[in-house]
Amino acid sequence: MYHEIEFNKIDLNLDPPIEEPERQYYYIAKCQKWVKEFEQKQGRLPKACVTTFGCQMNARDSEKLLGVLKAIGYEETDSEKADFVLYNTCTVRENANQKVYGKLGFLQTLKRKNPNMKIAICGCMMQEADEIETIKRSYRFVDLVFGTHNIYKLAELLAKQIETQKQTIDVWEDTTEIVESLPNQRKFSFKSGVNIMFGCNNFCSYCIVPYVRGRERSRNPEDILNEIKKLAADGVIEIMLLGQNVNSYGKTLKQPITFAQLLQRVEAIDGIERIRFMTPHPKDLSDELIAVIAQSKKICKQIHLPIQSGSTEILKKMNRHYTKEQYLKLVEKIRTAIPDISITTDIIVGFPGETEADFLETLDVVKQVQYESAFTFLYSKRSGTPAADMPDQVPSEVAKERFHRLLTEIQTTSSKLTEKAVGKTEFVLVEEQNTQNPEMVTGRLSNNLIVHFPGSIELIGTIVPVKLIKAKGFYYLGEKEN
Ligand code: SAH
Ligand code: SF4
Ligand code: F3S
């Protein structure tokens, strides 16, 4: 395991090992030597800042990248006035890319003031050939570029960049490899994401993820369970199992196992008190999974079930493999088995060909299902996906107008639902000091809604009973029970 590695015993006069993760340990040791030289010259350790632009999977990758940088000897900082700034990018919507280029311009001004500064970009956006060309052409001051498939190689790539002092680019099209046992640095001491699979095979017609994250690969259950046992021993009480389509977990393993079976094995781990997962695809959510959630004491009574559109016609064009009726039936089945479950969703407005009638179908589903909350997105054209070439792209004013109507509907339902729980006492995992009032803390209910209540920071990382006093739309004000 990584924690037992004695980096100072690695002989850097030898050739680097071929096998992973030993090869990366070698390069971490090599970079450590460089950090020592930096410290001698500058009288301080170099600082690293890693910024996440994307989803939970992207955030988990950032924790791994920061883990490697800390093992090398960097000090962590939130400020971009650092010696190493790494942008972990997202490309799911077009404006995400524009944001990164805007921020790169700012980094260039910082680099002029600090010639030691290294700028690196990785993540989903770097898996697109056009973006790499743009970086090569117009952003020569970027030192290091890599993709989603080789994040485990950070130390090796950094060593190469330090040695050559040239713009270093290494992006792979796909991979079948999963490298275990590398360092990682968690953002929270008491909760953690855990990857159970990588990539996606679904090819929803609007979505770039399968192109930038590659084909579906599941981690071995033993690796996952060992990671969670270690996290539990380290004080983690809540875990979020991560995958683009967790329902298909385990299907391609040598000894296949279902997602529901994996959940049962996770449930058996002492110390873990809350289990979450995302994202299950509605097309293959099994009865077995519903039964496991219903019986579980640890799986949070919340399910994120992205609908994307309520129109069967649009769902077909989206390649989602379910109809409006099938989705509603699934919701009914879940609610019958687990009456107190809260359901959340993702919705795209303005998909090519979406008519007013299609949009009304979406509104109808929202009214019927009564979502606790929803992530709503304006459709964004991603070149390279089939939907980008579809006829009848919806004019942006039309899409925006629908988007606002949808938001109003969702807010109405959410406030109604949150109002209903007022007066009840629920368990809250306390996550942080309140950002507005230092005498208050902020935490989450099992259904993921936020609660603010008077309390001290010693409560952070514990689960406490809180009476919900006031509903404020998407959050509550509460009072701790004794
Ligand atoms: N694997 C998850 C979603 C990952 S992407 C799932 O299948 O549910 C997260 C969300 O981004 C999607 O659910 C979708 O609502 C949104 N999204 C993806 N591509 C988009 C696009 N081209 N335009 C707008 N929203 C998009
Ligand atoms: Fe994208 Fe669909 Fe895969 Fe989700 S399931 S990541 S929306 S292609
Ligand atoms: Fe996630 Fe964005 Fe990549 S949503 S998988 S970081 S494109």
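Modelled label positions at residue 470 and residue 448, each set 7 Å beyond Cα in the direction of Cβ, lie 2.6 nm from each other. Around the amide H of residue 440, modelled in the peptide plane, lie the amide H atoms of 434, 455, all under 5 Å away and 5 or more residues distant in sequence or on another chain. Working note: 222 nm ellipticity from helices only, DSSP H runs with n ≥ 4, each -39,500 (n - 2.57), summed and divided by the residues of the chain, gives -11500 deg cm²/dmol to the nearest 500.
Projecting the Cα atoms of 255, 243, 451 onto the charge dipole of the chain (Cβ charges, centred on the Cα centre) puts 451 farthest toward the positive pole.
Translational diffusion of segment 187-292 was estimated from the Stokes-Einstein equation, with Rh taken as the Kirkwood radius over Cα pairs; at 25 °C and 0.890 mPa s the coefficient is 172 µm²/s.
Summarising the amide proton neighbourhood of residue 302: residues at separation of 5 or more, or on other chains, whose placed amide H is nearer than 5 Å comprise 342. For the chain, the carbon plus sulfur part of the accessible surface works out to 50%, probe radius 1.4 Å. For a 4.7 Å threshold on C-beta separation, the list of partnerless cysteines in the chain reads 31, 49, 55, 90, 122, 124, 200, 300. Percent of Cα-Cα pairs more than 18 Å apart in segment 418-482, please. The calculated P(r) of segment 418-482 puts 22 percent of pairs beyond 18 Å.
Annotation for segment 439-477: trypsin sites (Lys or Arg not before Pro) lying in DSSP loop with at most 15 further Cβ atoms inside 10 Å of their Cβ are 472. Residue-wise HN-Hα couplings along segment 396-409, as the Karplus relation 6.51 cos²θ - 1.76 cosθ + 1.60 with θ = phi - 60° gives them from phi, are 5, 5, 5, 4, 5, 5, 5, 4, 5, 5, 5, 4, 4, 4 Hz; Gly and Pro carry x. Put a dot 7 Å past the Cα of residue 301, heading toward its Cβ, do the same for residue 106, and the two dots end up 4.3 nm apart. Both radii were evaluated on the Cα set of segment 364-460; the Rg over Rh quotient, with Rh as the Kirkwood radius, amounts to 1.15.
A simple spin-label model places the labels of residue 178 and residue 81 4.2 nm from each other, with each point 7 Å out along Cα-to-Cβ.
A 1.4 Å probe run over the protein chains yields, for the chain, 47 Å² of accessible area per residue, whole-number rounding.
The convex hull of the Cα atoms of segment 275-382, projected and averaged over all directions, covers 6.7 nm². The length gained by stretching the chain between residue 437 and residue 405 to full extension, at 0.36 nm per residue less their Cα-Cα distance, is 8.2 nm.
In summary, the lysines within cross-link reach of residue 416, defined as a Cα separation below 21 angstrom excluding same-chain residues under 8 places away, comprise 301, 367, 424, 467, 470, 472. If you wrap the tightest convex hull around every Cα atom of segment 126-265 and split its volume per residue, you get 139 Å³.
Between amide H atoms placed 1.01 Å from N, distances below 5 Å from residue 373 occur with 345, all of them 5 or more places distant or on a separate chain. For the cross-link pairs 136/381; 230/297; 64/160; 191/381; 99/317, the ones whose C-alpha atoms lie over 27 Å apart are 191/381; 99/317. Across the chain, the relative contact order, built from alpha-carbon pairs under 8 Å that are at least six residues apart, equals 9 percent.
Where the alpha-carbon atoms of the chain are placed on the principal axes, they occupy 66, 60, 50 Å, in descending order.
Where in segment 177-195 does the label zone of residue 234 land, with the point 7 angstrom along Cα→C-beta and an amide N cut-off under 17 Å? In segment 177-195, the label zone of residue 234 (backbone N under 17 Å from the point 7 Å along Cα→Cβ) covers 179-195. Compute the separation of the alpha-carbon centres of segment 164-202 and segment 343-384 and state it in Å as a whole number. Result: 31 Å between the Cα centres. Put simply, when 8-18, 257-267 are sorted by average Cβ atoms within 10 angstrom per residue, most first, you get 257-267, 8-18. Computed 3J(HN,Hα) for segment 36-53, one whole-Hz value per residue from the Karplus formula 6.51 cos²θ - 1.76 cosθ + 1.60 where θ = phi - 60°, is 4, 5, 4, 4, 5, 6, 9, x, 7, 7, x, 10, 10, 10, 10, 10, 9, 9, glycine and proline marked x. Assuming R0 = 30 Å, what is the FRET efficiency of residue 377 and residue 130, from their Cβ-Cβ distance, to the nearest 0.05? The formula returns an efficiency of 0.85 here.
Ordering of 325-338, 384-397 by packing is 325-338, 384-397, highest average first (other Cβ atoms within 10 Å, averaged per residue).
In segment 169-216, Cα pairs under 8 Å separated by at least six residues give a relative contact order of 37 percent.
When both segment 243-305 and segment 396-436 are represented by their alpha-carbon centers, they are found 26 Å apart. Maximal additional length on extending the residue 270-residue 41 stretch stands at 77.7 nm, based on 0.36 nm per residue less the C-alpha distance.
Dividing the mean sequence gap of close Cα pairs (under 8 Å, 6+ apart) by how many residues segment 1-70 holds gives a relative contact order of 19 percent.
The alpha carbon convex hull volume per residue for segment 1-117 rounds to 136 Å³. Per-residue 3J(HN,Hα) values for segment 422-428, derived from phi via the Karplus relation 6.51 cos²θ - 1.76 cosθ + 1.60 with θ = phi - 60°, read 4, x, 7, 9, 10, 7, 10 Hz in sequence order (x marks Gly and Pro). The stretch between residue 116 and residue 287 holds 55.9 nm of extra length on full extension. This uses 0.36 nm per residue minus the Cα-Cα distance. Across all Cα atoms of segment 156-203, the radius of gyration (one decimal) and Dmax (whole number) stand at 15.7, 41 Å.
The values are calculated or read from the model by the stated rules, or taken from the named source; none is laboratory data. The structure presented is a predicted model; accordingly, all values stated were derived computationally and were not measured. Glycine gets a Cβ as well: all are built from the backbone with ideal geometry, and neighbour counts include every protein chain shown. The area values use the complete protein model at the heavy-atom level, side chains included, leaving out ligands, DNA and RNA. Shrake-Rupley method; radii C 1.70, N 1.55, O 1.52, S 1.80 Å.
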